[in-house]
Amino acid sequence: MIKRLRYLLCVLLPLYTVAQQLNLPISNDFQTRYYKQLYDTSNTSFTGIQPYVESFVNYDATYVPPFRTSYSPFEKKLTRDNLIALGNDSVTLKIDPLFYFEKGNSKTTPKISRNTRGFWLKGNIGKQFSFESSFIENQSFTTPYIDNFVTAYKVFPGMGRTKEFKETGYDYAMASGYLSYTPQKNINIQFGHGKLFIGNGYRSLLLSDNSFNYPHLKTTYQYKKIQYTWVVASLMNVRNPISLSPFSEPLLRKKKASFHYLSYKPNKLFEVSLFQGVIYNTETTKYDWNALNPVILSQSIMYGFNSKNNVLLGINFNVKVNKNILAYAQLMCNDLSLQLKSFNNKSGAQLGVYYQNFLGAKNLNLRLEYNSVRPFTYQKINPYTSFTQYSQSLTHPLNANFKELVLIGDYNFDNFIMRVKIIGAVVGKNTNTINAGNNLLTGTNFNSQTLDKNNVEMLMGNIQNILVQDYSVGYLINPYNNFTLRIGYFNRSQSGLINNHYTYFSLSAFIFNQYLDF
């Protein structure tokens, strides 16, 4: 079968020189291995929007150097190669398994485990076409705070809707994929089902990979010091589905979105970008054709902040202080007011630094990041137009009305990986009687409560202190599919709740981020 497939790929398709139009995975594990090159002061690549297109960034695709010059065929296949790699100068096809097997041990939770299986295939056809597809199926038993989340939002974090599995577990799946076409060396067009991330931080206040996949069309144009990305997407609201018949599954409500991102890089050290995101209120109309307008700020000028559509504006910038230090920041708003405590002051800010080879220690990397978002940000009166996908925020997992501090340190020695993650947050939660602007699915209708719109305090409502700690040691077996063995300890505490803590052992080949640290 393999020989036949190789023959078809090599003979039936036209001969061109292969060019890489594939995306690099949006994965913190992968990114740590090529940040050193992308953030070097001599690198001219744009780094503010992910996934990166391989041909658009300047980096060495060799993730880790070999320990020796020769390997047995089995060793090479296991540790230094894709499971299946076919192709020639015109066509390539690579296939790898995806899996995530984890077993946790906790005194407070009787069963913690994860069983993920899937595949990842990608390839290139000539100089202009690339493709990628992946699928994972999951069954998991998890901690009480995740149980509470699934009960409240009807989805598993980052993975969409779930089905019950053996009474206390969850069954869920995720499919991803895209077609990538580069008609000219500075233009890339992609149509697919996946996620995007804007910024250089661990979190993003503009657009992140926190929620479930969504279909989108993305066009990227790059010319000298400018890069421009335009995205049209279709999102889903899980709540209040449309029931057509008692004998059929209710239909989810669709909503349309567009994202525009303009980056300017005057030199190798500095990058500044303007972001516009719009969620269109198409609940009563089939489609708003202005979503197809590719000009940034045109929708902002047309609609403003007071229309039925939800318009978000933001700025993202980063500066390479030296070859080891990258400073970055974000500012965003989807309403403005000169009064600091006004209800209309819907804004957020991020400030962070990524320090490689911390204090001269080789391969010791440190990230320190602060995030803050005011109440009712990302929301409109109609919750249908909130910045959400499958009931989750398109930006930050804490939604709104919070302050957060993130500290992440990782140290790599050969293939050994040590990581420390500590996240502290203060969140103003909604209560039964007070809309504190934290839940993006409730909207900003205050008919049921009295609220002084000129005195909207940061962290109003039920104040919750959250501390997440994750310590792990691992060994990277194969960098091509992130095949990793890891042991660790996870602890989450929240005001008034029992701590969720457990030790874990995992064996995984996984290419996605999944944010359970909220």
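Observations on the structure shown:
- Cα-Cα P(r), region 294-394, percent of pairs per 5 Å interval: 3, 11, 16, 18, 16, 11, 9, 8, 5, 2, 0
- The translational diffusion coefficient of region 172-227, from Stokes-Einstein at 20 °C and 1.002 mPa s with a Kirkwood hydrodynamic radius over alpha carbon pairs, comes to 165 µm²/s.
- Estimated D of region 405-516 in µm² per second, where Rh is the Kirkwood radius over Cα pairs and Stokes-Einstein applies at 25 °C, 0.890 mPa s: 143
- Rg/Rh (Cα only; Kirkwood hydrodynamic radius) as it applies to region 124-181: 1.22
- Burial order of peptide ranges 384-396, 432-444, 364-376 (average beta-carbon count within 10 Å, highest first): 384-396, 364-376, 432-444
- The slack in the chain from Phe416 to Phe505, taken as 0.36 nm per residue of separation less the alpha-carbon distance, amounts to 30.5 nm.
- Taken as Cα centroids, region 399-433 and region 301-322 sit 24 Å apart, rounded to the nearest whole angstrom.
- Radius ratio Rg over Rh of region 2-509, counting only Cα atoms, Kirkwood formula for Rh: 0.95
- Residues in region 329-339 carry Karplus couplings, in order, of 7, 9, 10, 8, 7, 10, 5, 9, 7, 6, 8 Hz; the curve used is 6.51 cos²θ - 1.76 cosθ + 1.60 with θ = phi - 60°, and Gly or Pro positions show x.
- Computed from phi, the 3J(HN,Hα) profile of region 360-368 under the Karplus parametrisation 6.51, -1.76, 1.60 (θ = phi - 60°) reads x, 7, 4, 6, 9, 10, 10, 10, 10 Hz, with x in place of Gly and Pro.
- Under 5 Å from the amide H of Phe165 lie the amide H atoms of Tyr170, Asp171, each residue being 5 or more positions distant or on a separate chain, with H modelled from the backbone and absent for Pro and chain starts.
- Mean separation of Cα contacts under 8 Å, 6 or more apart, over the residue count of the chain: relative contact order %: 13
- Ranked by how many other beta carbons lie within 10 Å on average, peptides 120-133, 451-464 from highest: 120-133, 451-464
- Over every Cα atom in region 306-457, the radius of gyration and the widest Cα-Cα span, Dmax, amount to 18.6, 60 Å.
The numbers here are math on the coordinates, done by the rules we state, and not lab data. Values in this document were obtained by computation on a predicted structure and should not be read as measured data. Cβ coordinates were reconstructed from backbone atoms using ideal geometry, including for glycine residues, and neighbour counts include every protein chain displayed.
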